[in-house]
Amino acid sequence: MHTIVARNKNGANLNLKVLAGKSAIPGFLSCMLSVYSRKGNYANHLMMDKKWLTAQADAGNLLIFAFADQDGECAVSMVAVKNAKFDGMIDLSSLVVNPKYRGFRLGDLMTEYILRQCEDEGFDFIHSPIVTHHKRTGEMYERHGFTPTGFLFGDCDAKKHLAELELSSQKLSLAVYMRNRGENRAVNVFIPESLVPLAKDIYEPLGTTLNIDHRERIPAAGCDLEHVQDEYHNSLFMYLWKGGMGLRFRIDELETRYTNTLQTYFIYLNIRDPHAINAYKVLTSMGYKFCGFKPLCGSDEFIIMSKVHETLIDAAELQMSDALTKLFERVTGH
């Protein structure tokens, strides 16, 4: 069995056994409970569901790891979930350090370990949405080569994720981080001229050269829109694959269907579509705000746009790294 030695600032060693796959699930769950106590305190309640984790591990849809001490108690755990929509992309999630073992840089150790496993499995594009009520995770991800690219403002119900934080925001926001350890590449994108400087600054650290076209086109005959409603958090996610005639009607129809007071709306606007600039103008006129980019999604590239219904989101409560703060200032300046 593989072992890892962690060391704190006082020079004390912690010997840890590496558990992977289904053998890691009991430790993973105990580690989650050591911080969140119950399912209702974590945004993705499925991550605390043993049957779901087991089924996903059996299906090969997730990589799950736990580091346990010599007595078998889990000190840190994490998963990487294969992205169901985009081939070659994997999402890091649920990094948790048991409070008893803080001070050993276990978050860094686990992240470094799981990144190697993801790359060994052939995943170059590694994505992670992180919470913004503390800045430690963002700073750590940046040390491991991740770039902040955008935001999901008001993604999850604050009462269903660490409710004891007692924030005034009714919904918590996430930051989108991306890492590319594959070959450099060039992609053709269609974005408004005002977004070009930011787009270049985000994509360059990701080893991607943008060939940018910011000309408007005659609207296409129709649009291609896919949507998924997260009923647990009242968040609607829309993938706009192709903009065109009827877009305003389609969006209005969905907004009318989902009207909970905590409802938020997110649109991933495909910027490989030549009609993306026209769609961007329509969405902006409907009150959607630019929130950054969701890049390197297989062969797809997206702008993130969002809109809140009646939800209070206090931006002053966001806790962000320096790099993420700079991105926030540029995103909200548009």
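The values are calculated or read from the model by the stated rules, or taken from the named source; none is laboratory data. Keep in mind the model is a prediction, meaning the values are calculated, not measured. Cβ placement follows ideal geometry from the backbone for every residue including glycine, while neighbour counts extend to all protein chains displayed. Please note that ligands, DNA and RNA were not included when accessible areas were found on the heavy atoms of the full protein model with its side chains. Shrake-Rupley method; radii C 1.70, N 1.55, O 1.52, S 1.80 Å.
Given Leu225, Leu240, which one is part of a strand (DSSP E or B), modelled with pLDDT of 95 or more, closer than 27 Å to Leu327 by Cα and open to solvent by less than 30 Å² (accessible area, probe 1.4 Å)?
Leu240
Please specify each residue of the range 131-154 satisfying the condition of being open to solvent by less than 20 Å² (accessible area, probe 1.4 Å), closer than 16 Å to Glu317 by Cβ, outside any loop (DSSP other than H, G, I, E, B) and not small (Gly, Ala, Ser).
Passing the criteria: Phe151, Leu152.
Here are Ser173, Ser128: which of them is surrounded by fewer than 23 Cβ atoms within 10 Å (Cβ to Cβ) and hydroxyl-bearing (Ser, Thr, Tyr)?
Step by step, each of Ser173, Ser128 is checked, and only Ser128 is surrounded by fewer than 23 Cβ atoms within 10 Å (Cβ to Cβ) and hydroxyl-bearing (Ser, Thr, Tyr).
Here is a yes/no grid of residues against (1) modelled with pLDDT under 95; (2) hydroxyl-bearing (Ser, Thr, Tyr); (3) closer than 19 Å to Pro205 by Cα:
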| residue | (1), (2), (3) |
| --- | --- |
| Thr256 | no, yes, no |
| Asp273 | no, no, no |
| Leu283 | no, no, no |
| Pro295 | no, no, yes |
| Glu301 | no, no, yes |
| Met305 | no, no, no |
| Thr311 | yes, yes, no |
| Val331 | no, no, yes |
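Give just the number: which of (1) open to solvent by 20 Å² or more (accessible area, probe 1.4 Å); (2) more than 25 Å from Ile130 (Cα to Cα); (3) hydrophobic (A, V, I, L, M, F, W, C); (4) touching a residue at least 12 places away in the same chain (Cβ under 8 Å) does Leu16 not satisfy?
(1)
For the range 312-334, name all the residues that are closer than 26 Å to Asn270 by Cβ, touching a residue at least 24 places away in the same chain (Cβ under 8 Å), of a type outside the set (A, V, I, L, M) and in a loop (DSSP other than H, G, I, E, B).
His334
Among (1) in contact (Cβ under 8 Å) with a residue 24 or more places away in the chain; (2) closer than 22 Å to Ile191 by Cβ; (3) open to solvent by 20 Å² or more (accessible area, probe 1.4 Å); (4) of a type outside the set (Ser, Thr, Tyr), there is one condition Asn260 misses while meeting the rest; what is its number?
Condition (2) is where Asn260 drops out.
For residues that are assigned to a loop (DSSP other than H, G, I, E, B) and among the hydrophobic types (A, V, I, L, M, F, W, C), scanning just the range 1-13, find the one that is surrounded by the most Cβ atoms within 10 Å (Cβ to Cβ).
Restricting to residues being assigned to a loop (DSSP other than H, G, I, E, B) and among the hydrophobic types (A, V, I, L, M, F, W, C), the top hit is Ala12.
Under 7 Å between Cβ atoms, which residue pairs at least 6 apart in sequence (or on different chains) link something in the range 19-30 that is within 14 Å of Asp49 (Cα to Cα) with a partner that is outside any helix (DSSP H, G or I) and open to solvent by 30 Å² or more (accessible area, probe 1.4 Å)?
These pairs meet every condition: Gly27/Leu19.
Condition check: touching a Leu at 6+ places or on another chain (Cβ under 7 Å) and over 25 Å from Leu296 (Cβ atoms). Does Val81 satisfy that?
For Val81, the condition - touching a Leu at 6+ places or on another chain (Cβ under 7 Å) and over 25 Å from Leu296 (Cβ atoms) - is not met.
Any residue at all in the range 34-49 that is closer than 22 Å to Tyr113 by Cβ, β-branched (Val, Ile, Thr) and part of a helix (DSSP H, G or I)?
yes
Before we move on, is Lys39 open to solvent by 30 Å² or more (accessible area, probe 1.4 Å) and in contact (Cβ under 8 Å) with a residue 24 or more places away in the chain?
no
Pairs under 7 Å by beta carbon, first residue within 15 Å of Leu63 (Cα to Cα) in the range 93-122, partner acidic (Asp, Glu) and assigned to a helix (DSSP H, G or I), six or more apart or different chains?
If the second residue must be acidic (Asp, Glu) and assigned to a helix (DSSP H, G or I), no pairs are left.
Output the number of the condition that Lys22 fails; it satisfies all remaining conditions of (1) under 16 Å from Ser93 (Cβ atoms); (2) open to solvent by 30 Å² or more (accessible area, probe 1.4 Å).
(1)
Looking only at the range 196-222, which residues are assigned to a strand (DSSP E or B) and either of a type in the set (A, V, I, L, M) or open to solvent by 70 Å² or more (accessible area, probe 1.4 Å) (or both)?
Thr209, Leu210, Asn211, Ile212 - these are the residues of the range 196-222 that are assigned to a strand (DSSP E or B) and either of a type in the set (A, V, I, L, M) or open to solvent by 70 Å² or more (accessible area, probe 1.4 Å) (or both).
Show the residue pairs meeting these rules: Cβ distance below 7 Å; 6+ apart or different chains; first residue within the range 60-86 and more than 18 Å from Ile126 (Cβ to Cβ) and assigned to a strand (DSSP E or B); second residue aromatic (Phe, Trp, Tyr) and open to solvent by 10 Å² or more (accessible area, probe 1.4 Å).
Ala75/Tyr101; Val76/Tyr101
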